[in-house]
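In what follows, a structure is listed as structure tokens, so that the remarks can point back to it.
The values are calculated or read from the model by the stated rules, or taken from the named source; none is laboratory data. Keep in mind that this is a model prediction, so the values were computed, not measured. We place every Cβ from the backbone using ideal geometry, glycine too, and count neighbours over all the protein chains shown. For accessibility, only protein heavy atoms count, side chains too; no ligands or nucleic acids. Shrake-Rupley method; radii C 1.70, N 1.55, O 1.52, S 1.80 Å.
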Amino acid sequence: MKITDCLFGYVYYKDKGLKGRGEDRKMAYFMTQERFNQYLRDWRQDYKIYAPVVLAGKGSFTNTDSVRYKEITGVEEIAFARKADYSAKEVVLPITQTLFYFTEDNWTEPQVSDKKILLFVRSCDIHAIRRLDDIYLRNGCEDPYYKVFRDKVRFALLECPTGFANCFCVSMATNTTGEYDLFVRLDGQHVTVGIRNPEFLMAKEQEIETEPQFVQENNVQVAIPAELRLAEVAAAPLWQEYSARCLGCGRCSFVCPTCSCFSMQDIFYKDNDKAGERRRVWASCMVDGYTDMAGGHGFRQGKGDRMRFRVMHKVGDYKRRFGYPMCVGCGRCDDICPEYISFANCINRLAGQVKEEKA
Ligand code: SF4
Ligand code: SF4
């Protein structure tokens, strides 16, 4: 049995051993930050540990911060109270990934670290990685370059009791999850840790009864139409407005935890133009050139057409194939858009216009 199949069915306590789901799931350990950092130090022997951290002054606008995933050494580095502007996707699906190095008659794959990966993530982002798994592992064939990272990943759940601006995870049913290996809560100078995977051993610490808190209501609500037919969707007049407003910058795709497209690049070295490397690099259906073909023809030249494609992919076509929408309602695309284009609003408007169309 693969380890991921057996991770989530039990709880491990050092003094009580393995327990099934139920009452014991509510037990957690309570300790000081220093004590938890000792555990992080021990775990770092076997894991690279990534969490959202505040990058002061690195935001999109002057005097704003950015919150991104970086390797951490201490719990105090984790941005518990802020939404990460970029998701954990960039850890399992790097922005630029070298697939292999080549010479005239040979090729080699890059070395990958033996260490496992511990990701501090919120519920919606765990659901988002499930969407990436659908695309890269369960969509006809397995992508070995994704799998090599994904097999190493363990989840440390960050609670989300109130949600953030623009989130609509409740509408997308991604606000709760049971698929985590441990959960971590910051209580002032103390840390509460619930362990569900025996890989993360803890000595006897003070026990408390608690379980993760999940947001139950967002300010933004989205209603996806039960059925989205391309003819009706394409006829909706709202796309013309997006053609006028959207800049085609692609920022909405790059912050999206579920966008999974990439383009390929062969880089030839300057000192030997017969040697080089093949890379895959994140791409976006919202930018110019994405659909260009040999001969210069490009589909979806209009920005509104691109928006329509993106919406249909995220909440229509994907749902038909996998049974749930691709979008997890994190709201990052709404947070980042320089034109204040709201994806949530777009879905709701589309639902209204499709309804009118039918009437
Ligand atoms: S809300 Fe936007 S960024 Fe988040 S998953 Fe949905 S489409 Fe992607
Ligand atoms: S919707 Fe906004 S973020 Fe996305 S490509 Fe258009 S302008 Fe850029």
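Go through the stretch 275-307 and give me each residue that's among the hydrophobic types (A, V, I, L, M, F, W, C), outside any loop (DSSP other than H, G, I, E, B) and away from ligand 2 (no atom under 16 Å from the Cβ).
Residues of the stretch 275-307 among the hydrophobic types (A, V, I, L, M, F, W, C): 275, 281-283, 285-287, 293-294, 299, 307.
Okay, now just the ones that are also outside any loop (DSSP other than H, G, I, E, B), so 281-282, 307.
Across the stretch 275-307, the qualifying residue is only VAL281.
Test PHE100 against the stated conditions and say whether it is within 25 Å of CYS167 (Cα to Cα) and touching a strand residue (DSSP E or B) at 6+ places or on another chain (Cβ under 8 Å). Please lay out each step first, then the result.
Details: within 25 Å of CYS167 (Cα to Cα): no; touching a strand residue (DSSP E or B) at 6+ places or on another chain (Cβ under 8 Å): yes.
It is false that PHE100 is within 25 Å of CYS167 (Cα to Cα) and touching a strand residue (DSSP E or B) at 6+ places or on another chain (Cβ under 8 Å).
Please go through the stretch 98-137 and pick out each residue that is closer than 12 Å to SER87 by Cα and among the β-branched types (Val, Ile, Thr).
If the condition is that a residue be closer than 12 Å to SER87 by Cα and among the β-branched types (Val, Ile, Thr), then VAL121, ILE126, ILE129 are the ones that fit.
Is it fair to say TYR12 is modelled with pLDDT under 90 and buried (at least 17 other Cβ atoms within 10 Å of the Cβ)? Don't jump to the end; show me each part of the working.
Details: modelled with pLDDT under 90: yes; buried (at least 17 other Cβ atoms within 10 Å of the Cβ): yes.
Taking the combined requirement at face value, the residue satisfies it.
Name the pairs whose Cβ atoms lie under 9 Å apart, with the first residue in the stretch 252-270 and over 18 Å from TYR69 (Cβ atoms) and touching a residue at least 12 places away in the same chain (Cβ under 8 Å), the second in a helix (DSSP H, G or I) and more than 6 Å from ligand 1 (Cβ to nearest atom), and 6 or more positions between them or separate chains?
CYS252/ARG310; CYS252/ASP334; CYS252/ILE336; CYS261/SER253
With the condition kept exactly as written, say whether any residue in the stretch 268-288 is under 23 Å from CYS160 (Cβ atoms), more than 16 Å from ligand 1 (Cβ to nearest atom) and surrounded by 12 or more Cβ atoms within 10 Å (Cβ to Cβ). Lay out the reasoning, then the answer.
Going through the stretch 268-288, the residues under 23 Å from CYS160 (Cβ atoms) turn out to be none.
Within the stretch 268-288, not a single residue is under 23 Å from CYS160 (Cβ atoms), more than 16 Å from ligand 1 (Cβ to nearest atom) and surrounded by 12 or more Cβ atoms within 10 Å (Cβ to Cβ).
Of the numbered conditions (1) within 18 Å of GLY248 (Cβ to Cβ); (2) in a loop (DSSP other than H, G, I, E, B), PRO325 fails exactly one; give the number of that condition.
PRO325 satisfies all of (1) within 18 Å of GLY248 (Cβ to Cβ); (2) in a loop (DSSP other than H, G, I, E, B) except (1).
Of the conditions (1) within 9 Å of ligand 1 (Cβ to nearest atom); (2) open to solvent by 20 Å² or more (accessible area, probe 1.4 Å), CYS337 clears all except one; give me its number.
Among (1) within 9 Å of ligand 1 (Cβ to nearest atom); (2) open to solvent by 20 Å² or more (accessible area, probe 1.4 Å), CYS337 violates only (1).
From the list PHE322, PHE343, PHE299, which residue is closer than 20 Å to ILE129 by Cβ and either more than 9 Å from ligand 1 (Cβ to nearest atom) or aliphatic (A, V, I, L, M) (or both)? Let's see the steps before the verdict.
Working: PHE343 fails: either more than 9 Å from ligand 1 (Cβ to nearest atom) or aliphatic (A, V, I, L, M) (or both); PHE299 fails: closer than 20 Å to ILE129 by Cβ.
Checking each option against the conditions leaves just PHE322.
Among the listed residues LEU230, LEU247, which satisfies the condition of being away from ligand 2 (no atom under 16 Å from the Cβ) and under 30 Å from GLY289 (Cα atoms)?
Numbers: LEU247 fails: away from ligand 2 (no atom under 16 Å from the Cβ).
Result: LEU230 is the single residue among LEU230, LEU247 that is away from ligand 2 (no atom under 16 Å from the Cβ) and under 30 Å from GLY289 (Cα atoms).
Given the structure, is ALA275 aliphatic (A, V, I, L, M) and modelled with pLDDT under 95? Give the steps one after another, and end with the answer.
Values: aliphatic (A, V, I, L, M): yes; modelled with pLDDT under 95: no.
When the stated conditions are applied, ALA275 does not pass them.
Show the residue pairs meeting these rules: Cβ distance below 7 Å; 6+ apart or different chains; first residue within the stretch 294-316 and within 16 Å of ALA236 (Cβ to Cβ); second residue polar (S, T, N, Q) and in a helix (DSSP H, G or I).
Taking only residues 6 or more apart or on different chains, the pairs are GLY302/SER243; LYS303/SER243; GLY304/GLN240; GLY304/SER243.
Can you tell me which of ARG310, ARG349 is outside any loop (DSSP other than H, G, I, E, B), basic (Lys, Arg), farther than 28 Å from TYR101 by Cα and open to solvent by less than 50 Å² (accessible area, probe 1.4 Å)? Step through it out loud before you land on a result.
On the way: ARG349 fails: open to solvent by less than 50 Å² (accessible area, probe 1.4 Å).
Within the list ARG310, ARG349, the selection yields ARG310.
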